[in-house]
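First up is the structure itself, then whatever we jot down about it.
The values are calculated or read from the model by the stated rules, or taken from the named source; none is laboratory data. Since the structure is predicted, the reported quantities are computational estimates derived from the model, not experimental observations. Every residue, glycine as well, gets a Cβ built from its backbone with ideal geometry; the counts of neighbours run over all protein chains shown. For the accessible areas, the whole protein counts, side chains as well, though only heavy atoms, and no ligand, DNA or RNA atoms are used. Shrake-Rupley method; radii C 1.70, N 1.55, O 1.52, S 1.80 Å.
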Amino acid sequence: MRKSLRFTSSLLWGTASMFISQVASAQNTGAENIRLNQIGFYPNGPKTAVIINSSATKFSVISASNKKDTVFKGNLKKTGIWKYSQEETAQADFTSFNKPGSYVLFVKDIGGSYPFDIKDHVNEAVAKASIKGYYYQRTAIELKPEFAGKFARAAGHPDNEVLIHNSAASANRPTGSKINSSKGWYDAGDYNKYIVNSGITMSTLFSLYEDFPEYHKTLNVNIPESKNQLPDLLDEANWNLRWMLTMQDPVDGGVYHKLTNANFDGVVMPKDATSPRYVIMKTTAATLDFAATLAHASRIYRNFEQQCPGLADSCLTASKKAYEWAKKNPAVLYANSTQSSLHDPAIQTGAYEDTDIEDELLWAASELFVTTGDMAYFKDANLDVTMAKNITIPNWQSVGMLGLYSLLKNADRFSTNPNVKAVLESLKSRFVATAKSFQTKASVSAYGVTMGECSDNDFVWGSNAIVGNQGMFLIKAYLLSKDNSLLDAAEADLDYLLGRNAVGYSFLTGFGDKPTMHPHHRPSEADGIVDPVPGLLAGGPNPGQQDLVHCNGEKYPSELAAKSYLDLHCSYASNEIAINWNAPFAYIANALEAIRNK
Ligand code: 9MR
């Protein structure tokens, strides 16, 4: 965690004579009532804080280093009540102040904010940490001190002898036979591995690579492979890719939905969680997500044939085979409930169940089209029908946009085919217009963010990934349109995740002055270390509060959507971490580093 400047503010303000009396009476409520990015801002980027519980009309920015110079003064803009937190808000906009340094924002009747920086590369540490977070999620490998520091730990879950569950049995692989399904990342705070969620995660990270290949040439996040000739992000993704490849039945091409224990593990370190592991039935959703991810992987690793000989070909073969299985088995759905009643042992872990898989087909067909140029896949994507409803913020259950992102990214390659060209041009203008409409709504919202503005259902389990994916959507639209307002809106979404939100937390473990400290993450809870494993994004406010029964009488601070957050290990519905939630955060933070520092 960055050096805590958590203040007892008489120290900070003592010499700012003009404010002494106010500070004394304000009792440092500024830190709680001034919501801003606790890391900081780029000199050339937007800078906004949200103020609550204040009747002041003005604000100032003061040097944190000499604790007395007022460097900027501005008027607060009243922005009304945010319906998700029922707070009266005002915004302090100090975008025009661009002098590098460390500062505090001060409002007369409430006091000073947490300190923040204005500088180039301001997100470098969070950006790297959010990628390094995946290293800490690796199964089947010891995390050595030179890479993991105090979070070094023994290997867990080798998964080299995984049982075929009877739901997954086939002639070549009868119930109880064993396969090697090693490597991969733990999905979240639990120790299982799920194909559906791996799919969207890998797609997001591949996009981060594809959109900024130059940036990744020099990015070093200190993982065991950092010294090889592959970008670190692709080395890290490769750890999960190798596992994904093992999840395909080599005979028919179908893909197992998940690799899991029968029940969630206790709160123990990975090496101590030794329950039997199973692969569970093949499903259409998992198989299509696999087909999409592997077709995408094939494009990415094709450029690194020397470093990963044969990998691109293997991925493409596996992808095509999976796609064929899905076409023959278009509606094999997963539900824990059917599993529990039909099979022994009953499986109680994460379900990732989905009854609408048209978007999975769109995604897989789009990726295979982009990778192979085969028009049969383009036809299957059926864009005339599917396009409009899939221009949305993606999540693990709604993945059509991931395919559309790849089509948009590669549109130039198909410009000689007039039919494809026309469809992709229409896609581009609709996509950019949708992003613009999100940005317009954000610009008049009380917190100045897209959160809560793109749909009525933004505050769900994993809401921080909703805002992360909104930011990514905006950046992708910025890359196509060069409309700076879209980039600024995405940066506001990062601000939200790092402190400009209704609970005032920085949701990335290890960063900020009021960070998430007790994520629902087994290693963080079981390792005996005070700090949580760093670089992991908490799920965030979730008025569903589905975990209350497990929290021994602990209550969420509020039932309001934006305030339904509990920084306790028991709160898996608001405070778990997950690979698919980290990915859009990593995308935005790294994209801003790549773009703003040019
Ligand atoms: O992210 C998932 C969320 O959308 C669902 O509402 C929730 C309940 O089904 O499950 C979440 O996914 C969890 C998965 O099932 C198991 N590993 C932890 C994931 C994050 O909580």
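What the table shows:
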| quantity | calculated |
| --- | --- |
| Residue match in region 361-373 (condition: in a helix (DSSP H, G or I), over 29 Å from the mean Cα position of the chain (by Cα) and either surrounded by fewer than 17 Cβ atoms within 10 Å (Cβ to Cβ) or at pLDDT 95 or above (or both)) | no |
| 1 or more residues open to solvent by less than 60 Å² (accessible area, probe 1.4 Å) and of a type in the set (Gly, Ala, Ser): qualifying strands (runs of 3 or more DSSP E) within region 61-142 | 70-75, 77-82, 87-93, 101-107 |
| Condition met for residue 540 (assigned to a loop (DSSP other than H, G, I, E, B), within 15 Å of the ligand (Cβ to nearest atom), open to solvent by 20 Å² or more (accessible area, probe 1.4 Å) and of a type in the set (Gly, Ala, Ser)) | no |
| Any hit, region 578-596, residues being more than 12 Å from the ligand (Cβ to nearest atom), surrounded by fewer than 23 Cβ atoms within 10 Å (Cβ to Cβ) and not in a helix (DSSP H, G or I) | no |
| Leading residue by the ranking (farthest from residue 410 (Cα to Cα)) among those in region 441-497 that are within 16 Å of the ligand (Cβ to nearest atom) and modelled with pLDDT under 95 | 457 |
| Residue under evaluation residue 568, criteria (1) at pLDDT 95 or above; (2) within 14 Å of the ligand (Cβ to nearest atom); (3) over 30 Å from residue 209 (Cβ atoms), criterion not met | (2) |
| Verdict on residue 574 being assigned to a helix (DSSP H, G or I) and either within 16 Å of the ligand (Cβ to nearest atom) or out of contact with any His (no Cβ under 6 Å at 6 or more places or on another chain) (or both) | yes |
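Okay, residues lined up against (1) surrounded by 14 or more Cβ atoms within 10 Å (Cβ to Cβ); (2) under 35 Å from the mean Cα position of the chain (by Cα); (3) at pLDDT 95 or above:
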residue: 2; (1), (2), (3): yes, yes, no
residue: 15; (1), (2), (3): no, no, no
residue: 32; (1), (2), (3): yes, yes, yes
residue: 38; (1), (2), (3): yes, yes, yes
residue: 46; (1), (2), (3): yes, yes, yes
residue: 49; (1), (2), (3): yes, yes, yes
residue: 55; (1), (2), (3): no, no, yes
